[in-house]
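Peer 1: First, the structure itself, so that you have it in front of you.
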Amino acid sequence: MKSKALILLTSVLLFSSCVVKSLQPFYKTEDLSYNEKLIGNWTDQKNDIWTVTSVKEEFVKNQKKEEKPSEDDLKAFETYKDGYIINYTKKNSEALFIAMPFKVNEYLFVDFTPFEYGSNELNGLAAAHLLTTHSTAYVEMNEDGSITLKWLSEKAINNLMKENKLRIKHEKTGVNEDLVLTAPSEELHNFLKKFMTLDFDSKWDNDDVYTLKPRNARP
């Protein structure tokens with residue numbers, strides 16, 4: 001009979017994400033590029049719900065309800081004022097992200113950082129071991145009004161590294177040996193430039209591609 005530890009380890013291996021993670025943001029401040037078309041309520045191909053609002057709008061709403069903002073509030077606003085707050089709901093479990101839009105040449109990307117998520121089954125000691133990281137998705141605006149988000153696939157990046165087609169500072173960490181990029185933002189930006197010029201099969205893993213259809217999205 002499998003021990004509880006082995007069962008837990010198997011569960012982690014089965015359900016861990018395969019998107020590429022980074023310790024630093026994928027964007028440089030000067031490359032931020034806010035796009036109003038992302039704002040709205042969306043449903044993806046799995047019927048999960050995405051609600052995208054602007055940081056500026058949320059800040060204004062909160063100021064109408066609360067007292068004068070603290071220095072920490074103002075500092076956070078100044079850092080993320082050109083971004084979005086994304087509420088992603090999957091099977092009644094919610095997660096909130098700060099999402100920062102930026103351009104790599106003509107390509108639009110969004111940098112995702114989680115800041116709140118459902119963790120009722122996670123005890124305090126386990127939560128203390130979690131490290132907030134960044135991921136990034138390439139954004140395609142489709143003619144039918146939908147939006148496709150394509151996350152960098154760990155499998156694709158690992159293969160490119162093995163073939164010496166891409167180089168970037170990184171580490172392998174955890175029981176799954178997850179790929180975590182450790183390069184500074186400028187190098188990550190150049191890394192994305194190089195990645196977008198490459199043409200190869202399985203550039204985007206279907207498991208990490210989400211097509212969002214508008215529910216009441218702004219035109």
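Peer 1: Would you list which lysines come within 21 Å of LYS103, measuring only between C-alpha atoms, while excluding same-chain residues fewer than 8 positions from it?
Peer 2: Cross-link targets: LYS21, LYS28, LYS37, LYS56, LYS81, LYS150, LYS193, LYS194, LYS203.
Peer 1: I would also like to ask the following. Please list the non-local residues whose amide H lies under 5 Å from the amide H of VAL104, H modeled 1.01 Å from N, same-chain partners needing a gap of 5 or more.
Peer 2: PHE109
Peer 1: How big is the stretch 18-214 by the Kirkwood estimate over distinct Cα pairs, in Å? Spell out each step's value before the answer.
Peer 2: Numbers: mean 1/r = 0.0554 Å⁻¹.
That comes to 18.0 Å for the stretch 18-214.
Peer 1: Which ordering of LEU38, LEU130, LEU32 is given by a fewest-first count of other beta-carbon atoms within 10 Å?
Peer 2: Ordered from fewest to most neighbouring Cβ atoms within 10 Å, LEU38, LEU130, LEU32 come out as LEU130, LEU32, LEU38.
Peer 1: Local charge sum around GLY83 (other residues, Cβ-Cβ under 12 Å, Lys/Arg +1, Asp/Glu -1)?
Peer 2: So the surrounding residues net to -3.
Peer 1: Report the charge-dipole magnitude of the stretch 18-214 in Debye, nearest 20, computed about the Cα centre from +1 at each Lys and Arg Cβ and -1 at each Asp and Glu Cβ.
Peer 2: 180 debye
Peer 1: For GLU140, GLU36, what's the fewest-to-most ordering of other Cβ within 10 Å of each Cβ?
Peer 2: Numbers: GLU140 14, GLU36 9.
Lowest count first: GLU36, GLU140.
Peer 1: Would you kindly state how much longer the chain becomes between ASN47 and ALA95 on full extension, computed as 0.36 nm times their sequence separation minus their alpha carbon distance, in nm to one decimal?
Peer 2: Gain in length upon complete extension: 15.7 nm.
Coordinate-derived values only; no laboratory data. These figures come from a predicted structure and were not determined experimentally. Neighbour counts run over all protein chains shown; Cβ positions are idealised from the backbone, glycine included.
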